[in-house]
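Since the structure comes first, as C-alpha coordinates, the remarks are kept for the end.
The values are calculated or read from the model by the stated rules, or taken from the named source; none is laboratory data. Computed from a predicted structure; not experimentally measured. Every residue, glycine among them, receives a Cβ derived from its backbone with ideal geometry; neighbour counts consider all protein chains shown. Each accessible area value is taken on the protein alone, full model and side chains, heavy atoms only, with ligands, DNA and RNA left out. Shrake-Rupley method; radii C 1.70, N 1.55, O 1.52, S 1.80 Å.
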Amino acid sequence: MKALQYRTVGSAPEVVTVPDPELGPGQVLLKVTAAGVCHSDIAVMGWPAESFPYALPLTLGHEGVGTVAALGAGVDTVEEGDSVAVYGPWGCGTCANCAQGKENYCLRADELGIRPPGLGAPGSMAEYMIIDDPRHLVPIDGLDPVATVPLTDAGLTPYHAIKRSLPKLVPGSTAVVIGTGGLGHVAIQLLRAMTAARVVALDVSEDKLALARTVGAHEAILSDAAAAGKVRELTGGRGAEAVFDFVGIQPTVDTAGAIAAIEGDVTLVGIGGGVLPVGFGRQNFEVSVTAPYWGSRGELIEVLDLARSGAVSVHTETYSLDEAPEAYARLHDGRINGRAVILPNG
(Lines give C-alpha, C1' and ligand atoms only; values in the text may rest on other atoms or scores of the structure.)
Protein backbone atom coordinates (compact mmCIF):
# COMPACT_ATOMS: atom_id res chain seq x y z
CA MET A 1 0.00 0.00 0.00
CA LYS A 2 1.01 3.66 -0.30
CA ALA A 3 1.84 5.73 2.77
CA LEU A 4 3.27 9.15 3.61
CA GLN A 5 6.37 8.70 5.73
CA TYR A 6 8.92 10.83 7.50
CA ARG A 7 12.01 8.80 6.70
CA THR A 8 15.10 10.85 7.53
CA VAL A 9 15.55 13.58 10.13
CA GLY A 10 15.50 16.95 8.41
CA SER A 11 13.99 15.73 5.15
CA ALA A 12 10.54 16.32 3.68
CA PRO A 13 7.93 13.56 4.02
CA GLU A 14 7.71 11.11 1.12
CA VAL A 15 4.99 9.00 -0.46
CA VAL A 16 6.30 5.42 -0.51
CA THR A 17 5.06 1.87 -0.96
CA VAL A 18 5.10 -0.18 2.25
CA PRO A 19 3.90 -3.70 3.14
CA ASP A 20 0.21 -4.08 3.90
CA PRO A 21 -0.35 -4.06 7.68
CA GLU A 22 -0.83 -7.42 9.41
CA LEU A 23 -3.88 -7.69 11.65
CA GLY A 24 -3.34 -9.19 15.11
CA PRO A 25 -5.72 -10.47 17.80
CA GLY A 26 -7.84 -7.74 19.37
CA GLN A 27 -6.95 -5.25 16.62
CA VAL A 28 -8.93 -3.56 13.85
CA LEU A 29 -7.87 -2.93 10.25
CA LEU A 30 -9.11 0.45 9.07
CA LYS A 31 -9.39 1.53 5.44
CA VAL A 32 -8.53 5.21 5.79
CA THR A 33 -11.04 7.62 4.30
CA ALA A 34 -9.51 10.88 5.54
CA ALA A 35 -6.38 11.94 7.44
CA GLY A 36 -5.72 15.35 8.93
CA VAL A 37 -2.58 17.45 8.45
CA CYS A 38 -1.43 19.11 11.68
CA HIS A 39 1.18 21.65 12.81
CA SER A 40 2.32 19.07 15.38
CA ASP A 41 3.72 17.04 12.49
CA ILE A 42 5.71 20.09 11.34
CA ALA A 43 7.10 20.38 14.87
CA VAL A 44 8.02 16.68 14.96
CA MET A 45 9.82 16.95 11.63
CA GLY A 46 11.74 19.94 13.01
CA TRP A 47 13.26 18.07 15.96
CA PRO A 48 17.03 17.44 15.76
CA ALA A 49 18.38 13.90 15.37
CA GLU A 50 19.92 13.81 18.86
CA SER A 51 16.53 14.32 20.54
CA PHE A 52 14.22 12.63 18.05
CA PRO A 53 12.09 10.21 20.11
CA TYR A 54 10.55 7.95 17.44
CA ALA A 55 11.83 5.17 15.22
CA LEU A 56 12.09 6.05 11.52
CA PRO A 57 10.61 5.66 9.01
CA LEU A 58 7.34 6.91 10.55
CA THR A 59 3.98 6.91 8.77
CA LEU A 60 2.46 10.30 9.63
CA GLY A 61 -1.09 11.19 10.58
CA HIS A 62 -2.63 11.38 14.07
CA GLU A 63 -6.09 12.40 12.83
CA GLY A 64 -7.94 9.60 11.10
CA VAL A 65 -11.39 8.56 9.90
CA GLY A 66 -12.09 5.37 8.01
CA THR A 67 -14.14 2.25 7.39
CA VAL A 68 -13.60 -0.93 9.36
CA ALA A 69 -12.09 -3.38 6.83
CA ALA A 70 -11.31 -6.43 9.00
CA LEU A 71 -11.46 -7.55 12.62
CA GLY A 72 -8.84 -9.36 14.65
CA ALA A 73 -9.69 -12.34 16.78
CA GLY A 74 -11.89 -11.46 19.74
CA VAL A 75 -13.15 -8.10 18.42
CA ASP A 76 -16.93 -7.84 18.67
CA THR A 77 -17.66 -4.19 19.48
CA VAL A 78 -17.37 -2.90 15.91
CA GLU A 79 -18.38 -4.45 12.60
CA GLU A 80 -16.90 -4.47 9.13
CA GLY A 81 -18.16 -1.48 7.16
CA ASP A 82 -18.58 0.79 10.20
CA SER A 83 -17.52 4.42 9.60
CA VAL A 84 -15.43 5.51 12.57
CA ALA A 85 -13.12 8.21 13.86
CA VAL A 86 -9.82 7.32 15.53
CA TYR A 87 -9.21 8.50 19.09
CA GLY A 88 -5.53 9.35 18.88
CA PRO A 89 -3.88 9.52 22.32
CA TRP A 90 -3.68 5.79 23.02
CA GLY A 91 -3.03 4.61 26.56
CA CYS A 92 -2.79 1.35 28.49
CA GLY A 93 -6.55 1.17 29.07
CA THR A 94 -6.21 0.00 32.68
CA CYS A 95 -4.62 2.76 34.80
CA ALA A 96 -6.72 5.17 36.87
CA ASN A 97 -6.75 7.84 34.16
CA CYS A 98 -7.51 5.44 31.30
CA ALA A 99 -10.40 4.03 33.35
CA GLN A 100 -11.92 7.52 33.14
CA GLY A 101 -11.33 7.72 29.38
CA LYS A 102 -8.40 10.10 29.92
CA GLU A 103 -5.95 8.11 27.85
CA ASN A 104 -4.30 11.40 26.87
CA TYR A 105 -2.99 11.36 30.45
CA CYS A 106 -2.24 7.63 30.69
CA LEU A 107 0.01 6.94 33.67
CA ARG A 108 1.85 4.04 32.01
CA ALA A 109 2.18 4.99 28.33
CA ASP A 110 5.86 5.94 28.58
CA GLU A 111 6.69 2.88 30.68
CA LEU A 112 4.97 0.55 28.22
CA GLY A 113 6.19 2.33 25.07
CA ILE A 114 2.67 3.14 23.88
CA ARG A 115 2.63 5.80 21.15
CA PRO A 116 -0.22 7.52 19.32
CA PRO A 117 -0.69 6.81 15.61
CA GLY A 118 1.47 9.17 13.59
CA LEU A 119 3.42 10.11 16.72
CA GLY A 120 5.43 6.94 17.17
CA ALA A 121 3.00 4.29 15.89
CA PRO A 122 2.09 4.01 12.18
CA GLY A 123 -0.43 6.74 11.40
CA SER A 124 -3.41 7.47 9.21
CA MET A 125 -1.65 8.82 6.11
CA ALA A 126 -1.80 5.45 4.42
CA GLU A 127 -4.38 3.43 2.58
CA TYR A 128 -4.82 1.22 5.65
CA MET A 129 -3.86 1.43 9.32
CA ILE A 130 -3.99 -0.85 12.34
CA ILE A 131 -5.99 0.26 15.39
CA ASP A 132 -4.57 -1.32 18.53
CA ASP A 133 -7.93 -1.70 20.29
CA PRO A 134 -11.55 -1.08 19.19
CA ARG A 135 -12.09 1.23 22.17
CA HIS A 136 -10.09 3.79 20.19
CA LEU A 137 -12.79 3.98 17.51
CA VAL A 138 -15.84 6.27 17.76
CA PRO A 139 -18.74 5.91 15.28
CA ILE A 140 -19.23 9.04 13.18
CA ASP A 141 -22.93 8.22 12.63
CA GLY A 142 -23.54 9.95 9.32
CA LEU A 143 -21.05 12.80 9.68
CA ASP A 144 -18.97 13.66 6.62
CA PRO A 145 -15.53 12.02 7.00
CA VAL A 146 -13.60 15.01 5.61
CA ALA A 147 -15.36 17.46 7.91
CA THR A 148 -15.04 15.08 10.85
CA VAL A 149 -11.39 14.04 10.75
CA PRO A 150 -9.93 17.38 12.00
CA LEU A 151 -12.26 17.20 15.00
CA THR A 152 -10.23 14.28 16.40
CA ASP A 153 -7.48 16.77 17.29
CA ALA A 154 -8.30 20.28 16.04
CA GLY A 155 -11.73 19.90 17.67
CA LEU A 156 -10.91 17.72 20.66
CA THR A 157 -7.86 19.68 21.83
CA PRO A 158 -9.55 23.12 22.06
CA TYR A 159 -12.70 21.51 23.49
CA HIS A 160 -10.69 19.96 26.33
CA ALA A 161 -8.89 23.27 26.92
CA ILE A 162 -12.10 25.32 26.98
CA LYS A 163 -13.98 22.97 29.31
CA ARG A 164 -11.52 23.75 32.10
CA SER A 165 -12.38 27.46 31.93
CA LEU A 166 -16.16 27.21 31.55
CA PRO A 167 -16.92 28.39 35.12
CA LYS A 168 -15.16 31.69 34.35
CA LEU A 169 -16.76 32.31 30.95
CA VAL A 170 -20.00 33.78 32.24
CA PRO A 171 -22.00 36.69 30.76
CA GLY A 172 -19.80 39.79 30.71
CA SER A 173 -16.57 37.80 30.47
CA THR A 174 -14.02 37.82 27.65
CA ALA A 175 -12.21 34.91 26.02
CA VAL A 176 -9.23 35.55 23.74
CA VAL A 177 -8.12 33.11 21.04
CA ILE A 178 -4.55 33.68 19.81
CA GLY A 179 -3.97 32.02 16.44
CA THR A 180 -7.11 31.42 14.40
CA GLY A 181 -5.89 28.67 12.08
CA GLY A 182 -6.64 24.95 12.32
CA LEU A 183 -7.37 24.72 16.05
CA GLY A 184 -8.12 28.38 16.71
CA HIS A 185 -11.00 28.76 14.28
CA VAL A 186 -12.64 25.71 15.88
CA ALA A 187 -12.04 27.15 19.36
CA ILE A 188 -13.95 30.29 18.39
CA GLN A 189 -16.96 28.20 17.38
CA LEU A 190 -16.76 26.15 20.57
CA LEU A 191 -16.62 29.28 22.71
CA ARG A 192 -19.66 30.69 20.96
CA ALA A 193 -21.57 27.40 21.36
CA MET A 194 -20.58 26.68 24.96
CA THR A 195 -20.27 30.09 26.66
CA ALA A 196 -21.74 33.57 26.91
CA ALA A 197 -18.29 35.18 26.70
CA ARG A 198 -17.26 37.86 24.25
CA VAL A 199 -14.75 36.17 21.92
CA VAL A 200 -11.74 38.15 20.73
CA ALA A 201 -9.47 36.66 18.04
CA LEU A 202 -5.81 37.57 17.45
CA ASP A 203 -3.76 36.64 14.38
CA VAL A 204 -1.05 38.10 12.15
CA SER A 205 -2.94 37.48 8.91
CA GLU A 206 -5.95 39.41 7.63
CA ASP A 207 -7.13 36.20 5.93
CA LYS A 208 -7.13 34.37 9.27
CA LEU A 209 -8.90 37.30 10.96
CA ALA A 210 -11.54 37.23 8.23
CA LEU A 211 -12.04 33.51 8.92
CA ALA A 212 -12.28 34.28 12.64
CA ARG A 213 -15.08 36.77 12.02
CA THR A 214 -16.84 34.34 9.73
CA VAL A 215 -16.92 31.60 12.38
CA GLY A 216 -18.15 33.91 15.14
CA ALA A 217 -15.46 36.08 16.73
CA HIS A 218 -16.96 39.28 18.15
CA GLU A 219 -13.66 41.13 17.65
CA ALA A 220 -10.65 40.34 15.45
CA ILE A 221 -7.35 42.11 16.14
CA LEU A 222 -3.92 41.94 14.51
CA SER A 223 -1.52 40.08 16.78
CA ASP A 224 1.30 42.60 17.15
CA ALA A 225 2.96 44.67 19.84
CA ALA A 226 -0.20 46.75 20.27
CA ALA A 227 -2.57 43.78 20.64
CA ALA A 228 -2.40 43.50 24.43
CA GLY A 229 -3.24 47.18 24.83
CA LYS A 230 -6.21 46.85 22.47
CA VAL A 231 -7.59 43.89 24.43
CA ARG A 232 -7.15 45.81 27.67
CA GLU A 233 -9.00 48.73 26.12
CA LEU A 234 -11.85 46.47 24.95
CA THR A 235 -12.23 45.09 28.47
CA GLY A 236 -12.08 48.41 30.30
CA GLY A 237 -8.61 47.60 31.58
CA ARG A 238 -9.70 44.36 33.23
CA GLY A 239 -8.28 41.85 30.77
CA ALA A 240 -9.63 38.48 29.66
CA GLU A 241 -10.98 35.80 31.96
CA ALA A 242 -9.53 33.14 29.66
CA VAL A 243 -6.76 33.29 27.04
CA PHE A 244 -6.15 30.36 24.71
CA ASP A 245 -2.84 30.51 22.83
CA PHE A 246 -2.85 28.14 19.86
CA VAL A 247 0.55 29.34 18.62
CA GLY A 248 2.77 29.13 21.68
CA ILE A 249 5.79 31.10 20.46
CA GLN A 250 7.32 33.55 22.92
CA PRO A 251 5.64 36.73 21.59
CA THR A 252 2.16 35.17 21.73
CA VAL A 253 2.79 33.69 25.17
CA ASP A 254 3.92 37.12 26.39
CA THR A 255 0.72 38.61 24.98
CA ALA A 256 -1.36 35.93 26.69
CA GLY A 257 0.18 36.75 30.05
CA ALA A 258 -0.24 40.49 29.51
CA ILE A 259 -3.98 40.27 28.86
CA ALA A 260 -5.05 37.75 31.51
CA ALA A 261 -7.38 39.25 34.12
CA ILE A 262 -7.15 38.73 37.86
CA GLU A 263 -8.05 35.06 38.48
CA GLY A 264 -7.82 34.51 34.74
CA ASP A 265 -6.79 31.34 32.92
CA VAL A 266 -3.92 31.23 30.43
CA THR A 267 -4.00 28.02 28.41
CA LEU A 268 -0.95 27.33 26.23
CA VAL A 269 -2.06 24.90 23.55
CA GLY A 270 0.42 25.75 20.79
CA ILE A 271 3.78 23.99 20.91
CA GLY A 272 5.94 26.90 19.75
CA GLY A 273 8.24 26.64 22.76
CA GLY A 274 7.28 29.88 24.54
CA VAL A 275 7.25 29.99 28.35
CA LEU A 276 5.33 32.13 30.82
CA PRO A 277 6.91 32.79 34.24
CA VAL A 278 4.66 31.98 37.19
CA GLY A 279 5.23 33.44 40.61
CA PHE A 280 3.97 36.15 42.93
CA GLY A 281 3.96 39.45 41.05
CA ARG A 282 4.86 37.89 37.71
CA GLN A 283 1.23 37.74 36.54
CA ASN A 284 -2.02 39.20 37.80
CA PHE A 285 -3.23 37.78 41.11
CA GLU A 286 -4.23 34.12 40.92
CA VAL A 287 -3.68 33.74 37.20
CA SER A 288 -3.58 30.04 36.34
CA VAL A 289 -1.29 28.80 33.56
CA THR A 290 -1.66 25.36 32.01
CA ALA A 291 -0.47 23.41 28.97
CA PRO A 292 -3.05 20.70 28.21
CA TYR A 293 -2.67 17.76 25.85
CA TRP A 294 -5.40 16.49 23.50
CA GLY A 295 -8.56 15.29 25.34
CA SER A 296 -10.43 12.26 26.67
CA ARG A 297 -12.38 9.62 24.74
CA GLY A 298 -15.61 10.92 26.26
CA GLU A 299 -14.79 14.44 25.13
CA LEU A 300 -14.29 13.24 21.55
CA ILE A 301 -17.81 11.82 21.63
CA GLU A 302 -19.07 15.20 22.89
CA VAL A 303 -17.24 17.07 20.12
CA LEU A 304 -18.80 14.84 17.47
CA ASP A 305 -22.20 15.44 19.05
CA LEU A 306 -21.60 19.19 18.74
CA ALA A 307 -20.69 18.74 15.08
CA ARG A 308 -23.81 16.67 14.54
CA SER A 309 -25.90 19.51 15.98
CA GLY A 310 -24.30 21.99 13.57
CA ALA A 311 -22.61 23.98 16.34
CA VAL A 312 -19.07 23.45 15.01
CA SER A 313 -17.52 22.82 11.62
CA VAL A 314 -14.03 22.91 10.14
CA HIS A 315 -12.88 24.82 7.07
CA THR A 316 -11.00 22.18 5.04
CA GLU A 317 -8.87 21.80 1.92
CA THR A 318 -8.51 18.30 0.46
CA TYR A 319 -5.48 16.62 -1.14
CA SER A 320 -4.73 13.18 -2.53
CA LEU A 321 -2.07 11.04 -0.85
CA ASP A 322 0.35 11.86 -3.67
CA GLU A 323 -0.25 15.56 -2.95
CA ALA A 324 0.34 15.19 0.79
CA PRO A 325 3.95 16.52 0.72
CA GLU A 326 2.63 19.69 -0.96
CA ALA A 327 -0.02 20.03 1.76
CA TYR A 328 2.70 19.94 4.42
CA ALA A 329 4.76 22.50 2.51
CA ARG A 330 1.73 24.79 2.31
CA LEU A 331 1.05 24.34 6.03
CA HIS A 332 4.68 25.13 6.85
CA ASP A 333 4.46 28.34 4.82
CA GLY A 334 1.16 29.41 6.43
CA ARG A 335 -0.82 28.91 3.21
CA ILE A 336 -3.54 26.65 4.64
CA ASN A 337 -6.69 28.48 5.72
CA GLY A 338 -8.30 26.12 8.20
CA ARG A 339 -7.27 22.46 7.98
CA ALA A 340 -5.76 20.30 5.22
CA VAL A 341 -7.20 16.80 4.81
CA ILE A 342 -5.55 13.93 2.90
CA LEU A 343 -7.74 11.37 1.08
CA PRO A 344 -5.56 8.20 1.02
CA ASN A 345 -8.11 6.16 -0.92
CA GLY A 346 -9.70 9.05 -2.81
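For segment 200-346, the fraction of 1.4 Å probe accessible surface lying on carbon and sulfur atoms is 53 percent.
Close amide H pairs (under 5 Å, H built 1.01 Å from N) link Ala240 with Ala260, Ala261, residues at least 5 positions away or on another chain.
Dipole of segment 1-137 computed with +1 at Lys/Arg Cβ and -1 at Asp/Glu Cβ about the Cα centre; of Pro25, Leu137, Gly10, farthest Cα towards the positive end is Gly10.
For segment 134-247, what mean projected area does the convex hull of the alpha carbons give, in nm²?
Working: hull surface 31.7 nm².
Projected area, direction-averaged: 7.9 nm².
How long are the three semi-axes of the equivalent ellipsoid of segment 1-114, in whole Å, if each is the root of 5 times an eigenvalue of the C-alpha gyration tensor, listed from largest down? Intermediate results must be reported in sequence, preceding the final value.
Details: eigenvalues 128, 87, 34 Å².
Gyration-tensor ellipsoid for segment 1-114: 25, 21, 13 Å.
How much of the DSSP beta bridge set in the chain is antiparallel, as a percent to the nearest 5?
Numbers: 26 of 53 bridges.
Around 50 percent antiparallel, to the nearest 5.
For segment 139-152, putting each phi into the Karplus relation 6.51 cos²θ - 1.76 cosθ + 1.60 with θ = phi - 60° gives couplings of x, 8, 6, x, 5, 5, x, 5, 6, 7, 4, x, 5, 5 Hz, in residue order, rounded to whole numbers and with x for Gly and Pro. In summary, the aspartates and glutamates within cross-link reach of Lys208, defined as a Cα separation below 17 angstrom excluding same-chain residues under 8 places away, comprise Glu219, Asp224, Asp245, Glu317, Asp333. Taken about its Cα centre, segment 73-125 carries a charge dipole of about 300 debye when Lys and Arg each add +1 at the Cβ and Asp and Glu each add -1 at the Cβ.
Overall dimensions of segment 143-199, expressed as equivalent-ellipsoid semi-axes from the Cα gyration tensor (√(5λ), whole Å, largest first), are 22, 11, 9. Taking 7 Å steps out from each Cα toward its Cβ at Ser11 and Ile42 produces label points 2.2 nm apart.
For the chain, the Kirkwood estimate of hydrodynamic radius, built from reciprocal distances between every pair of different alpha carbons, is 20.5 Å. Inter-label distance, Ala210 to Leu166: 3.5 nm, where each label sits 7 Å from its Cα along the C-beta direction. Here segment 136-164 and segment 235-259 have alpha carbon centers that stand 25 Å from each other. Computed with a 1.4 Å probe over protein heavy atoms only, the accessible surface of the chain comes to 41 Å² per residue.
Counting only lysines at least 8 places from Lys2 when in the same chain, those with an alpha carbon closer than 16 Å to its own are Lys31.
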